[in-house]
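Each remark here refers to the structure printed beneath this line.
Bear in mind that the values in this text are calculations on the coordinates, not laboratory data. No experiment lies behind these values; they were computed from the predicted model shown. Because the Cβ atoms are built from the backbone with ideal geometry, glycine has one as well, and the counts that use them run over all protein chains shown.
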Amino acid sequence: TELPERSVGEYLREQDISAGAAAHDGYASLAYGLVNAALVIADAGEISRAQLGEHLARVRTWSADERATQLGEAWYDALIIPDLPILPDAGAFVINHGRLLAKRLQEEFLQRADSDAMAAAARLEVLLALHLGSTVGADATVMATLIQPDATA
């Protein structure tokens with residue numbers, strides 16, 4: 001009651017939330033981008049979209065703890081606490097984080113000799129997308145529609 005009266009918009013401008021909003025939006029885009037990367041693998045014939053959609057439906061029911069456990073410590077850390085320098089530009093940080101994840105995915109799965117390596121990479125990308133997306137409001141239903149556009153019609 002002692003502070004001056006102002007609108008919510010004025011209060012938010014005073015708080016300078018632009019960097020946080022940019023990071024939030026960037027991470028939502030990154031989550032959807034991970035799904036799109038999994039689709040590249042699916043469209044190359046390494047895993048069917050139906051299988052990828054089934055995987056998303058299953059993983060979507062998991063709690064955050066279950067997703068983190070399935071990711072394993074190394075992937076969880078790469079997703080949540082990346083080994084990157086802090087940048088003043090939140091958007092640039094998110095871009096660098098996406099590049100780091102892509103590099104790690106390539107390094108891990110292109111070197112594997114098993115026939116399921118690329119399908120495993122696609123499933124991991126979906127898991128990463130769901131875990132990251134849940135923290136920034138990325139919609140799992142939209143992700144499912146990206147994978148199987150006709151399945152939700």
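Observations, loosely collected:
- Space enclosed by the convex hull of the alpha-carbon atoms of the stretch 112-151, per residue, Å³: 61
- Cα centre as origin, Lys/Arg/Asp/Glu Cβ charges: the stretch 68-153 dipole, Debye: 100
- Principal-axis tilt of helix 117-136 within the chain, Cα atoms, nearest 10 degrees: 20
- For the stretch 1-61, size of Cβ-based charge dipole, Lys and Arg +1, Asp and Glu -1, in debye: 380
- Radius ratio Rg over Rh of the stretch 67-153, counting only Cα atoms, Kirkwood formula for Rh: 1.00
- Kirkwood radius and radius of gyration were both taken over the C-alpha atoms of the chain, and their ratio Rg/Rh is 1.07.
- Charges were assigned to the Cβ only: +1 to each Lys and Arg, -1 to each Asp and Glu. The resulting dipole of the chain about its Cα centre is roughly 340 debye.
- Crossing angle, helix 64-80 versus the chain [Cα axis fit, 0-90 degrees, rounded to tens]: 80
- Cα lying deepest toward the dipole's positive end in the chain, options Ala129, Tyr27, Gly53, charges on Cβ: Gly53
- Tail fraction, Cα-Cα pairs, the stretch 2-51, threshold 14 Å, whole percent: 68
- The orientation-averaged projected area of the convex hull spanned by the Cα atoms of the stretch 25-97 comes to 5.8 nm².
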